[in-house]
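First up is the structure itself, then whatever we jot down about it.
Read the figures in this text as sums done on the coordinates, not as results from a lab. Values in this document were obtained by computation on a predicted structure and should not be read as measured data. Neighbour counts run over all protein chains shown; Cβ positions are idealised from the backbone, glycine included.
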């Protein structure tokens, strides 16, 4: 009898074929039910540490448990507590600019927003301002906006984003790097010893309008600061108009300052004769929110794992818009949570299980700076070097099926051939990030896992709607732009869930391929996260 030899890769493929039948358990109707509940007024916008947030956490945990998944959180539960301190700017806050007898008092929400990252009950300053361009220290690019500047105890003024470039080897060219993100700006300003930092908002540099920042002018959760860690007495944004008034006091303007900030050789400049005065009281509350984590045990490689993630929080109850105070977060991100629940349910029913263990993590406080994902990445149930990858799911369209997918960052990993094959099987064209200048890779939870070296990316729907005209898509995109981070991001019974079903099935199948891959994934040569992966022992 002739012996038939089967390669390891062929064996894995044969093993995966019957398991792929489970993908059909992911149905639009079930996704709809989760989205409808998670975005209902009953959950009050799912803010971290609130009644509505706790209801969302309990609902997701119950769904995981009823699917037959095992707890993956603290002490044999489905929950991982994330210690938070909520910082609320109290009503008597004051921020003003002055020079030569002229003084401007800014209006909270209308002209400025912010918080404290020192997490102290008060902050007060009256000091000169230093314009630090984009506020970047990047030695690998020969760039230091703080060179020869002493900003200790002063207010730094800057723009978000980074120096314009067409060269992919210089700040990634048109694509935004982490140096361009507002979170980095505050971190660096605190390291430099500044008393406060003000980012001048423009829609092109931030990639979103002022209404998004205004919606965040509410009590802000932060991970509790370690004693001695640097912080800012006030970390804020001002409108472009307010920034214009500030810069004109020093004899320049927003347009000129942006040009100066983008030039090599830029040096920080004291805004001569300008004083910035701030006086703040903060309400502080120690609280916690919970990541909801479930586990499905693998087989021969069960000590290694794949993590699926989606954030369950939104903005809670806030400033009313059209009489509505509940920021429901239906698209952002009840949709991603619904996909996570249904992928987990299908995964739990597979027999035999894939080679690797799968974790399903609904994380908290994404809207406050990826806090839940950061906490999980620092407190993983297994070492980061044993985590194959993170697949993240954040915000899905309700306009039907599409022909394409955007998988920003997947091409930076050694998973890319698996990703291409899975997309091809699902008849999806992979497209590059349509707005690399917005820095989307650094704005969703997968980034927190990438920072500890785990190959990570989000699975996103593309924009080529099947059976719809480009004009229809343009109108719908504009419509959602006006609802993003607003109370109007609400569920409607006329939504089409076929596209979410499509991407729940695609995400499941892609995860299955990754869970059964023969070796641990890593980052491609030269990637910014490769060094961290190498530290964990993955080659």
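Details
- Taking every C-alpha pair closer than 8 Å and separated by at least 6 residues, the mean separation divided by the residue count of the chain gives a relative contact order of 21 percent.
- Region 481-539: C-alpha gyration tensor shape, a/c 1.5 cut-off, then a/b vs b/c: oblate
- Projected label distance in nm at residue 349 and residue 94, using a 7 Å step from Cα toward the beta-carbon: 6.4
- DSSP assigns beta bridges within the chain; of those with both partners inside it, close to 60 percent run antiparallel.
- Nearest 10 degrees, 0 to 90: helix 8-19 Cα axis against the chain principal axis: 90
- In this structure, residue 124 and residue 272 have a Cβ-Cβ separation that, at R0 = 30 Å, corresponds to a calculated FRET efficiency of about 0.85.
- What separates the Cα centres of region 310-351 and region 482-536 is a distance of 15 Å.
- Per residue, the average separation of C-alpha pairs within less than 8 Å and at least 6 apart gives region 87-284 a relative contact order of 41 percent.
- Directionally averaged projected area (convex hull, Cα atoms, region 87-284), nm²: 10.6
- Sequence-separation-based contact order of region 405-539, relative, with Cα cut under 8 Å and 6+ spacing, percent: 37
- Euclidean distance between Cα centres, region 278-305 to region 69-140, Å: 22
- Taking label positions 7 Å along the Cα-Cβ direction at both residue 212 and residue 302, the computed distance is 4.4 nm, reported to one decimal.
- Rounded, prolate or oblate (a/c below 1.5 giving rounded, otherwise prolate when a/b exceeds b/c) for region 182-268 by Cα gyration tensor: oblate
- Each label was represented as a point 7 Å from its Cα along the Cα-to-Cβ direction; for residue 281 and residue 524 these points are 5.6 nm apart.
- Residue-averaged 222 nm ellipticity for the chain, from DSSP H runs of 4+ at -39500 (n - 2.57), nearest 500: -8500 deg cm²/dmol
- Rounded to 10°, Cα long-axis angle of helix 470-483 versus longest principal axis of the chain: 60
- DSSP beta bridges confined to region 397-525 are antiparallel in about 50 percent of cases.
- Counted residue by residue at 0.36 nm each, then reduced by the alpha carbon distance between them, the extension gain from residue 62 to residue 226 reaches 55.7 nm.
- Whole-Å semi-axes of the chain's equivalent ellipsoid (Cα gyration tensor): 41, 25, 22
- Taking the longest Cα principal axis of the chain as reference, the axis of helix 240-249 is set at about 30 degrees.
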